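Report on the structure given below.
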Amino acid sequence: MNIAIHSDYQKSGLSQRLLSEFKKLANKKVVEKIVPIRPSFKWIIHLHLLITTSIGNERIIFDPWIRTQWKLGAKIVRPIYKAFTVTGTIKDCEEWTSMHFRESGRYVIQGALQPIQIDRENDFGIYYDPNLWMENQLTG
């Protein structure tokens with residue numbers, strides 16, 4: 001399952017409505033109550049998953065998508081450092097990222113949560129997309 005809000009409809013409360021419907025499905029045992037969450041602030045290295053900030057005496061989770069779920073009662077269970085893995089040849093990786101990899105190493109990709117690892121000698125690239133396990137608090 002994936003919840004993604006088109007930019008034209010963000011900040012309209014739609015994510016809370018969708019999460020509410022998700023919880024109804026979980027209460028009916030249609031879906032699990034523990035789900036992987038991909039942060040919406042994808043331009044910051046994956047360590048931001050657990051960053052909090054303080055406003056007054058209240059600690060607020062930094063990422064807006066994680067914060068929305070947290071405010072609706074979800075609890076952070078733990079990070080998933082390799083939730084999704086993408087591998088391919090150097091040519092594949094260059095096509096996917098619109099970048100050119102001249103040498104082996106780690107490269108920051110726009111919109112990704114962490115760098116891609118490139119191995120020119122073995123014609124191989126690998127990217128691990130991290131997520132966060134969150135448990136939704138259900139009613140009844």
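Evaluate E = 1/(1 + (r/R0)^6) for S98 and R78, where r is the Cβ-Cβ distance and R0 equals 35 Å; express this FRET efficiency to the nearest 0.05.
It comes out at approximately 0.60.
For a quick check: with amide H placed at 1.01 Å from N, whose amide H comes under 5 Å from I37's, ignoring anything fewer than 5 positions away on the same chain?
Counting only residues 5 or more places away or on other chains, the set is L132, W133, M134.
Just so you know, all these numbers are worked out from the coordinates, no wet-lab data involved. No experiment lies behind these values; they were computed from the predicted model shown. Every residue, glycine among them, receives a Cβ derived from its backbone with ideal geometry; neighbour counts consider all protein chains shown.
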